[in-house]
Amino acid sequence: MIESINGKTPIVDPSAFIAPGAVVLGDVELGPQVSVWYGCVLRGDINWIRVGARTNLQDGSVIHVAHVGQGTMVGSEVVVGHRVVLHSCTVGDQVLIGMGAVVLDRAQVGEGSIVAAGAVVPPGMIVPPDTMVAGVPAKVIRPVTPEQRQATVATMERYLKAMAMHQHMADDGGRRA
């Protein structure tokens, strides 16, 4: 469902996919080939949300914003796992956010990084590029390996293929590419 609020209407690239049951509300921009899966909520009611090309927001994820300060920026070719919460943060390109992770206000996740499943990136934390973080609160674990970088890209590409398979579901309440 794509909805306007406070005079703001989402801007959705025609090639993006929004699954039935997902909500995209307000000041939200979705780039080319973005996929927003079942049960996701992108709530740009009080600030902005931007999502770059070829990013997938998997089932049950929530992207929201703070009343004051920055919105939420998600780069291109990002893999956002199931049940992730992104709140007023910045996520660089080709990042993997593991299932159930939370990235909080003003946090910055650098390009090519991995946030492990279940991790909580605290407010204001800066995750350097190509770094893996894990834990509650998240701590730097080690550099991301070239194999892990390739796995993130491969996952992103699998979701592009899955998007094509689910296009017929977008007729009623979603958006067809």
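Derivation of every value follows stated rules applied to the coordinates shown; laboratory data play no part. Keep in mind that this is a model prediction, so the values were computed, not measured. Backbone-built Cβ (ideal geometry, glycine too); neighbour counts: all protein chains shown.
Is region 69-119 rounded, prolate or oblate when judged by the Cα gyration tensor, a ≥ b ≥ c being the square roots of its eigenvalues, rounded requiring a/c under 1.5 and prolate requiring a/b larger than b/c? Taking the square roots of the gyration eigenvalues as a ≥ b ≥ c, region 69-119 is oblate. With each label modelled as a point 7 angstrom along the Cα→C-beta vector, the residue 155-residue 142 pair spans 1.7 nm.
If R0 equals 22 Å, the separation of the Cβ atoms of residue 38 and residue 9 corresponds to a calculated FRET efficiency of about 0.50. Summing Cβ point charges (Lys, Arg +1; Asp, Glu -1) relative to the Cα centre of region 2-171 gives a dipole of roughly 340 debye. With R₀ set to 22 Å, the beta-carbon distance separating residue 168 from residue 1 gives a calculated FRET efficiency near 0.80.
Under the rule a/c < 1.5 gives rounded, and otherwise a/b versus b/c splits prolate from oblate, where does region 31-76 land using the Cα gyration tensor?
Verdict is oblate for region 31-76.
Taking 32, 129, 146 in turn, the Gaussian network model of the chain (Cα-Cα springs below 10 Å) assigns the largest fluctuation to 146. Hey, for a label at residue 99 modelled as a point 7 Å past Cα toward Cβ, could you say which residues of region 61-92 have their backbone N under 15 Å away? The answer is 61, 80-85. Once you reduce region 1-28 and region 134-158 to the center of their Cα atoms, the two points are 29 Å from each other. Annotation: peptides 15-25, 134-144, ranked by per-residue average of other Cβ atoms within 10 Å with the highest first, follow the order 15-25, 134-144.
Rounded to the nearest whole Hz, the Karplus-based 3J(HN,Hα) values (6.51 cos²θ - 1.76 cosθ + 1.60, θ = phi - 60°) of region 43-54 follow the sequence 10, x, 7, 10, 6, 9, 9, 10, 10, x, 4, 6, with x at glycine and proline. For the chain, the longest principal axis of the C-alpha atoms and the axis of helix 146-166 are separated by about 10°.
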